[in-house]
Amino acid sequence: MPSDTIRAALVRRLRTSSGISDDDVKEIEALPIAVRQYPADTPVVRDGERATNCCLIADGFCARSKTISSGKRQILSIHIPGEIPDLMSLFLHVMDHDLSTLAPCTLGFISHETLRKLHQRSPSVAEMFWRDTLIDAAMFREWIVNVGQRPAPARLAHVMIELRERLRVIGRLDGNSFEMPLTQEQIGEALGNHRGARQPRDQAVAAGGHRRAAPRPRHGAGRAEISGPCGFRRPLPASVADALRRAGDLTYRKFVSVQGAMVRRHDCRTGVA
């Protein structure tokens, strides 16, 4: 993937939350970006390292995480194309968490020195990055509440709805289905259930492999499912499926609205707070 395509991904991302001028676009298009390919499950930058670049996700999915002394990992957030998940390293010089790929990724690396000079030349671009960081922090607070207070089915519904709506903003939905490149173990790490995101046998979440989540019921069956390669399908728990089907009129909904662009964040309730 050429660096021009990666710059375009960044511009598209900033347009979702900010009004961006032609001059700002020119500044971003002039950024020198080093393009690298990463396989799945590969560290990009580790806890304790001193980063010298920020990475822009052009394609694929990454996750921020922390690992405790016992070896258990907690996924803190999932990141999609157009995002810069380690932008904080521009000011916090020592990483306090890991950033790794969930799927094969195309990443563009921009040096800290280049970004600092850009911020000095163009305060409006610096403001856009700051706003994007604040939106990320708002979603992160929702993630903490999700892991800490909701029951397991509601946690899964929240993560899936959040991911779907973020992918919708950047045009990555296929009808009502979307890519969800997490293994069962990774879903457990994201939900704070380190035994895996297992439900009873007839409600199991798909194990392993890259998958697409299809919230709508198939053929009037009244159930939603996660589908995988080679025709593999598993139903979602009924409470999760219902929350996904009703995502347009959830009981509780929050929005971040900036200059007419809307980034939708859903907090779904499935009968319990």
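The values are calculated or read from the model by the stated rules, or taken from the named source; none is laboratory data. For clarity, every value in this text was computed on a predicted model and none was experimentally measured. When we count neighbours, we look across all protein chains shown, and the Cβ atoms used for this are built from the backbone with ideal geometry, even at glycine. Calculation scope for accessible area: heavy atoms of the full protein, side chains included, ligands and nucleic acids excluded. Shrake-Rupley method; radii C 1.70, N 1.55, O 1.52, S 1.80 Å.
Computed quantities for the displayed model
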read-out	value
Index of the failed condition, Leu87 passing every other in (1) open to solvent by less than 40 Å² (accessible area, probe 1.4 Å); (2) more than 20 Å from Lys117 (Cα to Cα); (3) among the hydrophobic types (A, V, I, L, M, F, W, C)	(2)
Ala126 vs. criteria in a helix (DSSP H, G or I), of a type in the set (A, V, I, L, M, F, W, C) and either under 15 Å from the mean Cα position of the chain (by Cα) or more than 24 Å from Asn53 (Cβ to Cβ) (or both)	no
Among (1) surrounded by 15 or more Cβ atoms within 10 Å (Cβ to Cβ); (2) within 20 Å of Gln186 (Cα to Cα); (3) touching a Lys or Arg at 6+ places or on another chain (Cβ under 6 Å), the one test that Pro81 misses	(3)
Cβ pairs under 7 Å, 6+ apart, first in region 126-138 and farther than 20 Å from Pro81 by Cβ, second in a helix (DSSP H, G or I)	Ala126/His119
Which listed residue is more than 19 Å from Lys117 (Cβ to Cβ), open to solvent by 40 Å² or more (accessible area, probe 1.4 Å) and among the hydroxyl-bearing types (Ser, Thr, Tyr), from Thr42, Thr52, Thr5	Thr5
Subset tally (residues that are open to solvent by 10 Å² or more (accessible area, probe 1.4 Å) and more than 17 Å from Arg172 (Cα to Cα)) for region 55-76	11
